[in-house]
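Report on the structure given below.
The values are calculated or read from the model by the stated rules, or taken from the named source; none is laboratory data. Since the structure is predicted, the reported quantities are computational estimates derived from the model, not experimental observations. Cβ placement follows ideal geometry from the backbone for every residue including glycine, while neighbour counts extend to all protein chains displayed. Note: accessible area is taken over every heavy atom of the protein model, side chains too, but ligands, DNA and RNA are not part of it. Shrake-Rupley method; radii C 1.70, N 1.55, O 1.52, S 1.80 Å.
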Amino acid sequence: MAFFQQNQAWVLKTWIEAQAKKTMAMRERRYIDGAQFLYFGDKITLKLREDAEPARFILRDGRLEVVLPQHLHGDQILLRNIIEAFYRQQAKAYLPLRTSQLARQHGFSYNQVRIKNQKTRWGSCSAKRNINLNMRLMMAPDGAIDYVIIHELCHLRELNHSPAFWALVESYCPEFRHWRAWFRQHGPSLIL
Ligand SMILES: [Zn+2]
């Protein structure tokens, strides 16, 4: 009690901050009308609508419209799966195409691009010359996506993070330091 009275302001401030963080985390995980997600670095707003089956989604005018039949309205697990399906679809349409463009432009040849949903990795490159890219990259700005693709392409020549590797990355992506720092700062918030 004596501690509390002497440190009242600090205790209150800490408690309020902890509550705010908890509320924010909970809000992030809720798939409700008006919830915001990132797409190519821009905010898109979730718009929920009720209609007859089938469940579907469409992106238009900066809104991701998700249509669900009434009995499934607000179903959080289903909504999460639908939003994941949206990002996977976008990633499959964009990332392999962009990888082939950048590879052609810079003279790289690889085997295959695979789309994954890893928790902590944005991309990887295997000894079999396959490139794996995280579908959540679709939340990042296009410059950030290009950096990750170039990073993985450069691993086709340098399977390490040596100074020679970074020099290679820099030659194709002069602003790589900016994007590397960007991922350190914003990566944890690119969540579904
Ligand atoms: Zn690497």
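A few notes on this one:
- For the stretch 34-51, the tally of residues that are part of a loop (DSSP other than H, G, I, E, B) and surrounded by 13 or more Cβ atoms within 10 Å (Cβ to Cβ) stands at 3.
- Residue satisfying all of: in the stretch 74-91; open to solvent by 50 Å² or more (accessible area, probe 1.4 Å) and at pLDDT 95 or above; nearest to residue 133 (Cα to Cα) among these: 88
- Among (1) over 30 Å from residue 151 (Cα atoms); (2) not in a loop (DSSP other than H, G, I, E, B), the one test that residue 85 misses: (1)
- Residue within the stretch 182-189 that is open to solvent by 10 Å² or more (accessible area, probe 1.4 Å), in contact (Cβ under 8 Å) with a residue 12 or more places away in the chain and in a loop (DSSP other than H, G, I, E, B) present: no
- Check on residue 169, under 13 Å from the mean Cα position of the chain (by Cα) and within 11 Å of the ligand (Cβ to nearest atom): no
- Of all residues making up the stretch 52-67, the number that are assigned to a loop (DSSP other than H, G, I, E, B), open to solvent by less than 70 Å² (accessible area, probe 1.4 Å) and under 14 Å from residue 82 (Cβ atoms): 1
- Considering the stretch 122-147, the residues that are under 23 Å from the mean Cα position of the chain (by Cα) and in a loop (DSSP other than H, G, I, E, B) include one that is nearest to the ligand (Cβ to nearest atom), namely 122.
- Just so you know, in the stretch 93-113 the residues that are closer than 30 Å to residue 67 by Cβ and free of Cβ contacts under 8 Å to residues at least 24 places away in the same chain include one that is farthest from the ligand (Cβ to nearest atom), and it is 93.
- Test result for residue 156, in contact (Cβ under 8 Å) with a residue 40 or more places away in the chain, out of contact with any Phe, Trp or Tyr (no Cβ under 6 Å at 6 or more places or on another chain), assigned to a loop (DSSP other than H, G, I, E, B) and hydrophobic (A, V, I, L, M, F, W, C): no
- The single condition from (1) modelled with pLDDT of 95 or more; (2) within 15 Å of the ligand (Cβ to nearest atom); (3) under 21 Å from the mean Cα position of the chain (by Cα); (4) open to solvent by 60 Å² or more (accessible area, probe 1.4 Å) that residue 150 fails is (4).
- For beta carbons closer than 9 Å, sequence separation of 6+ or different chains, a first residue in the stretch 61-79 that is of a type in the set (Gly, Ala, Ser) and a second that is open to solvent by less than 60 Å² (accessible area, probe 1.4 Å), the qualifying pairs are 62/39; 62/44; 62/45; 74/31; 74/48; 74/68.
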